[in-house]
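Structure, as structure tokens:
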Amino acid sequence: MTVDSRALDRLRPEGGARRADAVRPQDAEVFVPPRFWALLLVAVGAIIVQSTLLQPLSLRGAHVSLLTILLVWTGLRCGVTTAGLLGLLSGAIEDALGSGGVNVLATTVTGLCAGLLNVRFFADSLPVFVSAVGFATVLRGLVTYIVSELALGVRGSFHRASHELVWQCVLNCTAAALVLVIERIAGHVRK
């Protein structure tokens, strides 16, 4: 059975007018990743701010880690390679400022794991971003504890480290939510 085009024209609304060309679907998120040197400058700035201005501010011994938030944001936006390399270089900078050598491994692993989420979620999703920051904070704390316990020989610090890790997770998740809300407001103001 063949269908005549005139028969189809009668079924169309508006007296048989043809439908305009179909609109192509577009991605819900249009994003151009930042240049690596800009991310590295922001990481150095975050390290300087958290080691100078934010150092006296603590909650039950825990400090907010702007670098962990930046690593998760970079991982979600740019992928495994960029976040892992940023974690390696920024961890080396943190260790050069006197952290004892544990940050290179912890920040690299954190950046790599955050980069694994790149293709699975929207980077601007608040629950995904805050959850990823919480997971990254715990991961970075565990890697730091394991390296300091096994490689550096620091014994008996689990209770103190785990207590600080819980509070640092709360601080980082709160700061991450604030950063994303401020980023969204700034994006709406620019429009």
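Quick notes on this one:
- Shape summary: the range 63-191 maps onto an equivalent ellipsoid whose semi-axes, from the alpha-carbon gyration tensor, are 27, 16, 12 Å in decreasing order.
- The order of 152, 116, going from fewest to most other C-beta atoms within 10 Å of their C-beta, is 152, 116.
- Peptides 154-165, 92-103, 62-73, ordered by how many other C-beta atoms sit within 10 Å of their residues on average, highest first, read 62-73, 92-103, 154-165.
Quick note: the coordinates plus some simple rules give every number you see, no bench work behind them. Everything numeric in this text was worked out from a predicted model, so none of it was measured. All Cβ positions, even for glycine, are placed from backbone atoms using ideal geometry, and neighbour counts span all protein chains on display.
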